[in-house]
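These notes are about the structure you will find just below.
Here, each number is a calculation from the coordinates, and none is a lab measurement. The model shown is predicted, which means the values in this text are computed figures rather than measured ones. In this analysis, Cβ positions are derived from the backbone assuming ideal geometry, glycine residues included, and neighbour counts consider all displayed protein chains.
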Amino acid sequence: MERLRSSPLHANISTALDKHLEAIHVVQARRKDEIVNASSRQRHGPPRCQDERVVLALAVALRALCLATRKVRTVLWCAFQ
């Protein structure tokens, strides 16, 4: 994107992109936890309380990713203007 503008980007743009990438990594980690939990539940029976915590953590991570995506889209749109 810096090549398109022929000038360096504002620091807020880099920060927003870093937060977006971090949110992606958190969602990936929570999804892996959910998969591991689901596979262990099939072997040992259903402990419901932990399942709900894992799914809730994934939902929170997805919400954070949604917010970070909106911010990145806005920041990048502003940078293109």
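Using a Förster distance of 22 Å, how high is the FRET efficiency between residue 60 and residue 37, based on the Cβ-Cβ distance and rounded to 0.05?
0.90
Could you order the peptides 7-16, 56-65 from most to least packed, using the average number of other C-beta atoms within 10 Å per residue?
With the highest mean Cβ count within 10 Å placed first, the list reads 56-65, 7-16.
Can you give me the distance in nm between label points at residue 21 and residue 67, each placed 7 Å from the Cα along the Cα-to-Cβ direction?
2.1 nm
Testing the spin-label approximation: label points 7 Å from Cα along Cα→Cβ at residue 81 and residue 11. State their distance in nm.
Rounded to a tenth, the inter-label distance reads 2.2 nm.
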